[in-house]
Amino acid sequence: MKMIHRALAAVGCLAVVPMLPAPSLAQTTEPELQLQDAIELTPFGGRAAFSSDGKKIVFVDRTYGDAYEIDVATRQVRNLTAHLPHQGIMRIQYLASGDFLVTAPRVRSGPNTRAHLEMWVLDKTLKHGLQPLGQQVFEGIAVSRQTNLIAWTVIDPELKPKESWQLAFVRPTKRYVAEVTYHNGVPALSGKREIMPALPKECGFIEPQDFRDNDTEVVYSCMEPMQSGAFTISVMGSRFAEDRNITYRRDVGAYNEVEGLAPAGDWATVECGKQDKPGLPPLDICRLQLTPNGKMTLLVRGTTSGATGDISNPIVSPDGKWLVFQRSDSASGEIGEGYGLYMLRLPG
């Protein structure tokens, strides 16, 4: 989420830019969803993820905080980690088994903790605490809806403790897939293998986002190296069998970060904006058809003139009927922080 903001910090030119009105990169003849029609699910938290049946959503209250689960129908919220020992939760997602996949540090070491996060499993009964998978991860994890298959990126070689975490965007990385399996109730990674051994020439860093087409492809955000003071974030996919990359949306100087895929995998939600100045651009939520050079249409306009607040991390319910997103603020000192979860009915 918001990779461009982190990348700007990595090259030493992070700046807060006023949220000036800018033309959307989306091309659409469809009516926009209206932000004022959104239903508030919870007034705090972010980084939401749906359960496989769409009845529940997990999220974190803040970066390195606790993990929560909300029942969509009743709005009942429960804290999943308040009574478990941990060093702060960055992300939480559902595995197909019903257990939770957690991103969290083993030890907190200040701001650079973000480059030294690990993957853990929290069983759905909450009886065993966080169980380590023995694998570091940098940024987001793609999690299959069908099996316990996951895909992730690691910094290789690992950054030293005092090296800034933002350097990860310009250092070597590797990408893997594996399945979370269990032996006598203990989770582990099985069948781990490297994918995308060489990144596409456009990409300096990629973040796996989701699987599609029966887990034969991973859709990801591609962050291009800075050129002439401009960044480009593109939406791409990698077909495993052919080791082939597909460009779904690439606009030079544009921020298009893929977030949630529709149930059939034929389209995705994208944080979209025009990256014409240093700093985080005004971001809206767009819908992108996952075909080569696919059509993108505006779903929700999330910014207003003169304000730093916006919306981000959009996901689609498993039945394809609802869009869930978080309120955000580009001026926040903590990248990716959420300030409440909201839901909008999708057309059709």
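The values are calculated or read from the model by the stated rules, or taken from the named source; none is laboratory data. Remember, it's a predicted structure, so these values are computed and weren't measured experimentally. Using ideal geometry, Cβ is built from the backbone for each residue, glycine included, and neighbour counts are taken over all protein chains shown. With ligands, DNA and RNA removed, areas are computed over all heavy atoms of the protein, side chains included. Shrake-Rupley method; radii C 1.70, N 1.55, O 1.52, S 1.80 Å.
The table below lists the values:
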{"quantity": "Yes/no for SER109 being surrounded by fewer than 18 Cβ atoms within 10 Å (Cβ to Cβ) and closer than 20 Å to PHE59 by Cβ", "calculated": "no"}
{"quantity": "When residues of the range 304-329 are limited to those that are assigned to a loop (DSSP other than H, G, I, E, B) and in contact with a Lys or Arg (Cβ under 8 Å, 6 or more places away or on another chain), the one surrounded by the fewest Cβ atoms within 10 Å (Cβ to Cβ)", "calculated": "LYS321"}
{"quantity": "Which numbered condition THR103 fails, given (1) among the polar types (S, T, N, Q); (2) open to solvent by 10 Å² or more (accessible area, probe 1.4 Å); (3) under 23 Å from LEU261 (Cβ atoms)", "calculated": "(2)"}
{"quantity": "Count of residues meeting criterion [open to solvent by 30 Å² or more (accessible area, probe 1.4 Å) and either modelled with pLDDT of 95 or more or closer than 17 Å to VAL58 by Cα (or both)] in the range 338-348", "calculated": "3"}
{"quantity": "Elements of type strands (runs of 3 or more DSSP E) contained in the range 60-139, each with 2 or more residues being touching a Leu at 6+ places or on another chain (Cβ under 6 Å)", "calculated": "67-71, 100-105, 117-122, 130-137"}
{"quantity": "Residue check, PRO187 surrounded by 10 or more Cβ atoms within 10 Å (Cβ to Cβ), assigned to a loop (DSSP other than H, G, I, E, B) and touching a residue at least 40 places away in the same chain (Cβ under 8 Å)", "calculated": "no"}
{"quantity": "Filtered residue count, the range 118-163, keeping only those that are closer than 19 Å to SER221 by Cβ, touching a helix residue (DSSP H, G or I) at 6+ places or on another chain (Cβ under 8 Å) and open to solvent by less than 10 Å² (accessible area, probe 1.4 Å)", "calculated": "2"}
{"quantity": "Some residue of the range 204-217 being exposed (fewer than 13 other Cβ atoms within 10 Å of the Cβ), part of a strand (DSSP E or B) and among the hydrophobic types (A, V, I, L, M, F, W, C)", "calculated": "no"}
{"quantity": "Conditions (1) basic (Lys, Arg); (2) more than 28 Å from HIS128 (Cβ to Cβ); (3) touching a residue at least 24 places away in the same chain (Cβ under 8 Å): number failed by ARG244", "calculated": "(3)"}
{"quantity": "Subset of the range 46-85 that is of a type in the set (Ser, Thr, Tyr) and surrounded by fewer than 22 Cβ atoms within 10 Å (Cβ to Cβ) - its residue that is nearest to the chain's Cα centre (by Cα)", "calculated": "THR63"}
{"quantity": "Residue tally, condition open to solvent by 20 Å² or more (accessible area, probe 1.4 Å) and closer than 24 Å to GLU257 by Cα, over the range 190-199", "calculated": "4"}
{"quantity": "Residue satisfying all of: in the range 246-260; modelled with pLDDT of 95 or more and out of contact with any Asp or Glu (no Cβ under 9 Å at 6 or more places or on another chain); nearest to GLU217 (Cα to Cα) among these", "calculated": "TYR248"}
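Matching residues to (1) at pLDDT 95 or above; (2) of a type in the set (Asp, Glu); (3) closer than 14 Å to GLY204 by Cα:
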{"site": "SER221", "(1), (2), (3)": "yes, no, yes"}
{"site": "GLN227", "(1), (2), (3)": "no, no, yes"}
{"site": "THR232", "(1), (2), (3)": "no, no, yes"}
{"site": "MET236", "(1), (2), (3)": "yes, no, yes"}
{"site": "GLU242", "(1), (2), (3)": "no, yes, no"}
{"site": "ALA262", "(1), (2), (3)": "yes, no, no"}
